[in-house]
Ligand code: SF4
Ligand code: SF4
C-alpha cells in the first residue's frame, strides 16, 4: 500500500502507552487529567464516556465493555464457502447499521501486547498480557452526520463524535453476538475492552488509506468514519488494501496541517519511520492537550476531519473528482490534484467553518470573537480568526506542545 510502507520490523504496542491511559495517569498534564476524570458539562458526553459521567452505569459503552461475552453456540453452522460467508457477514453488518465493512487477517502486530485498565467481569487486570488467537478481523465503520461534524469545534460535533462512536459499538456488539450464535468465537473490541488498533486493520481490510492527518481516509466518507473491529475464527474470505489516490492528494494538499490549531500535523514529505512504518506522524500529545484549553466550549477537535478534501457531501461532482484522481496513472496524478485543490479552496474556502444550530445548541462564535469573513458562513467558538484570536491560538499551540 503506498500510504503505508512497511520498511522495518513492527512491534506490538502496549495499550498502556496509548493516549487515553496516559491521560488517565496524568502523564499529559493535570488539566487533561481533570478533564478526563470530571463529569462533563454536556450530558451527551456524560452518557458515552464513563469517566465523564456522574454514574458510569448511564453509559451503554461501559455496560457493554463490562458485560462478559456470551457463550459460543455448541451447534456450529458449517462454512463450506468462506467467500459466501464473508458476503453474508458484510450484509449482516450493513443491516445492523454499518456503512462500510472489510475483512482482513488479524495480524498480531496490531494486537496490543498488554492491556490497560481492569475489567472485573472478565477477570482482567491492568498490565495483563493480551492473547488474541483469532484469525480474522472484521472492520466496520459508520459515517458521522455530515452537518453536525461541520459544526466543529463545538458541542454539536462533540455529540456527533461521541454518540456516533457509541452507536457503532452497538453494531459491533450485535455482530460479535451473531457470530457466536453461529457457533464461532467472536469478540467486539469496544471502548471498554479493546485489544486491537483499528486503523491499521481497517487499512489492510481495504476501507481506505492513511492520510497526512493520521486518520483512515475512505473514498466515500473521507476521514469521517467511526471505526470498530470484531475479531473471530469464523472462516471468511479477506479483502485487500486499496489505492484511491490519498497518497498523491496528501502530498500536495497540507490543508489539515495548515489549519490544525495545535500545529500537530507535519508539512512536507513523509520524514518519519515509526514502528517499522513510513508515514506522516502527528504529534498526539499536543493534539490531545489542546482539549484542555477549550473544555468550556467543546471537548473534541475534529478540524482535520472536517477540512479534509475527502470529506464532502456525497454528490456527483465529488464522485467525479475522486474518479479523476483514482483513474489517473500515478506519475500523472499531480496534474489532476493541483487544479482540484484550487477548486476545493475556491468553493469550500481556505479555512472552512460553518454555523450549525441543533436542539438548543449553536456553534456560532462567542460575542467576544470576530465573525468569519467567508460569505455565507459565520465562524464559531474557537479562535483563530482575527489578530487577537490568532495570538491566542498560537499561545495554545505552544502550551499544548510544551
Ligand atoms: S484533532 Fe485537531 S488538534 Fe488534533 S491533529 Fe486534528 S486538527 Fe490537530
Ligand atoms: S486535508 Fe489534505 S493533506 Fe490532510 S488528510 Fe485530507 S487530503 Fe490529506
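Values for this structure:
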quantity	calculated
Unmet criterion (only one of (1) surrounded by 17 or more Cβ atoms within 10 Å (Cβ to Cβ); (2) free of Cβ contacts under 8 Å to residues at least 40 places away in the same chain; (3) within 14 Å of ligand 1 (Cβ to nearest atom)) for residue 305	(2)
Selection count where residues are away from ligand 1 (no atom under 16 Å from the Cβ) and out of contact with any strand residue (DSSP E or B) (no Cβ under 8 Å at 6 or more places or on another chain), scope the range 210-233	1
Selection within the range 24-68 - in contact with a strand residue (DSSP E or B) (Cβ under 9 Å, 6 or more places away or on another chain) and part of a helix (DSSP H, G or I)	61, 64, 65
Single residue of the range 265-286 satisfying the filter (in contact (Cβ under 8 Å) with a residue 60 or more places away in the chain, more than 23 Å from residue 139 (Cβ to Cβ) and within 20 Å of the chain's Cα centre (by Cα)) that is nearest to ligand 2 (Cβ to nearest atom)	283
Qualifying residue in the range 290-297 (condition: in contact with a strand residue (DSSP E or B) (Cβ under 9 Å, 6 or more places away or on another chain), at pLDDT below 90 and either away from ligand 1 (no atom under 12 Å from the Cβ) or not in a helix (DSSP H, G or I) (or both))	yes
Single condition residue 9 does not satisfy, out of (1) surrounded by 14 or more Cβ atoms within 10 Å (Cβ to Cβ); (2) outside any helix (DSSP H, G or I); (3) in contact (Cβ under 8 Å) with a residue 24 or more places away in the chain	(1)
Matching residues, the range 12-23, being surrounded by 14 or more Cβ atoms within 10 Å (Cβ to Cβ) and assigned to a helix (DSSP H, G or I)	15, 16, 19, 20, 21, 22, 23
Residue in the range 308-315 that is out of contact with any helix residue (DSSP H, G or I) (no Cβ under 9 Å at 6 or more places or on another chain), within 13 Å of ligand 1 (Cβ to nearest atom) and in contact (Cβ under 8 Å) with a residue 40 or more places away in the chain present	no
Residue within the range 242-261 that is out of contact with any helix residue (DSSP H, G or I) (no Cβ under 6 Å at 6 or more places or on another chain), closer than 30 Å to residue 82 by Cα and away from ligand 1 (no atom under 11 Å from the Cβ) present	yes
Tally of residues being in contact with a strand residue (DSSP E or B) (Cβ under 6 Å, 6 or more places away or on another chain) and either part of a loop (DSSP other than H, G, I, E, B) or within 16 Å of ligand 1 (Cβ to nearest atom) (or both) across the range 196-209	5
Scope the range 242-264; condition within 8 Å of ligand 2 (Cβ to nearest atom) and touching a strand residue (DSSP E or B) at 6+ places or on another chain (Cβ under 7 Å); matching residues	246
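The values are calculated or read from the model by the stated rules, or taken from the named source; none is laboratory data. Just so it is clear, the structure is predicted and the values come from calculations on it, not from any experiment. Counting neighbours? That spans all protein chains shown, and the Cβs are built from the backbone with ideal geometry, glycine included.
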